[in-house]
Amino acid sequence: MLSGLVLLVGACSSSGSSGGSSSPSAAPAASSSASTSALCQDVAALRASLQKLTSIRPGASTVNDLTSALQDVQSKLSSLSSAASAAHASWSVQISNLTSALTTLQSAVGTLATQRNASSLSGVVTALAGVGTAARQLLNTADSDCPSPLASPS
């Protein structure tokens, strides 16, 4: 039943090197590049965390696994939100939407923990779909600065 937990979220990656000029005029760009690199590391960490959340399979420890993975995603999103707040204010809507979707999922997982029935399970699957949609919107926005390794060239 929980096979619906699998959502297509891009694999994580972070770019370890950045090509660029070593001329003195590149100094402001280097600072910006370092900021972008840190931001992209946060995006990559969120991608990886979302991948873990969405790859959980049904089992005796499903609620615990979901709770743990959910907390990890929330932590990674918080880091990304802090890093993006100044440089990428345009991401705030997508970050807010994902935060809201994660809160909904947290509630659904809490219900599943106390009421193990089809309705609770359906609530988790629906909430995960909402997380997947919000995550894709945020990651698609982030792809312009921090491309996914799976992003196809346009």
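The values are calculated or read from the model by the stated rules, or taken from the named source; none is laboratory data. If you're wondering where the values come from, they're calculated on a predicted model, not measured in any experiment. Cβ sites come from the backbone with ideal geometry, for glycine too, and all protein chains shown count toward neighbours.
Among the listed residues 60, 48, 11, which satisfies the condition of being in a loop (DSSP other than H, G, I, E, B) and at pLDDT 80 or above?
Step by step, each of 60, 48, 11 is checked, and only 60 is in a loop (DSSP other than H, G, I, E, B) and at pLDDT 80 or above.
If you go through region 86-124 and keep only what is assigned to a loop (DSSP other than H, G, I, E, B) and either of a type in the set (A, V, I, L, M, F, W, C) or over 27 Å from residue 144 (Cβ atoms) (or both), you end up with 115, 116, 117. The C-beta contact set for region 123-150 (first residue acidic (Asp, Glu), second residue assigned to a loop (DSSP other than H, G, I, E, B) and surrounded by 15 or more Cβ atoms within 10 Å (Cβ to Cβ), distance under 9 angstrom, 6+ apart or interchain) comprises 143/10; 145/88. Close contacts from region 74-93, counting a first residue that is under 20 Å from residue 51 (Cα atoms) and without any contact (Cβ under 8 Å) to a residue 12 or more places away in the chain and a second that is part of a helix (DSSP H, G or I) and of a type in the set (A, V, I, L, M), with Cβ to Cβ under 7 Å and a gap of 6+ residues or different chains, come to none at all.
The residues on offer are 101, 108, 83, 48, and the sole one that is surrounded by 13 or more Cβ atoms within 10 Å (Cβ to Cβ), of a type in the set (A, V, I, L, M, F, W, C) and over 22 Å from residue 141 (Cα atoms) is 108. Residue pairs whose Cβ atoms lie under 7 Å apart, separated by 6 or more positions or on different chains, with the first residue in region 54-73 and charged (D, E, K, R) and the second loosely packed, with under 13 Cβ neighbours inside 10 Å and assigned to a helix (DSSP H, G or I), do not occur. Evaluation of residue 18 against the conditions (1) under 24 Å from residue 137 (Cα atoms); (2) touching a Ser or Thr at 6+ places or on another chain (Cβ under 7 Å); (3) at pLDDT below 85 shows that the sole unmet condition is (1). As a summary of the residue check, residue 83 satisfies the conditions (1) touching a Leu at 6+ places or on another chain (Cβ under 8 Å); (2) more than 30 Å from residue 58 (Cβ to Cβ); (3) not in a helix (DSSP H, G or I) except for the one numbered (3).
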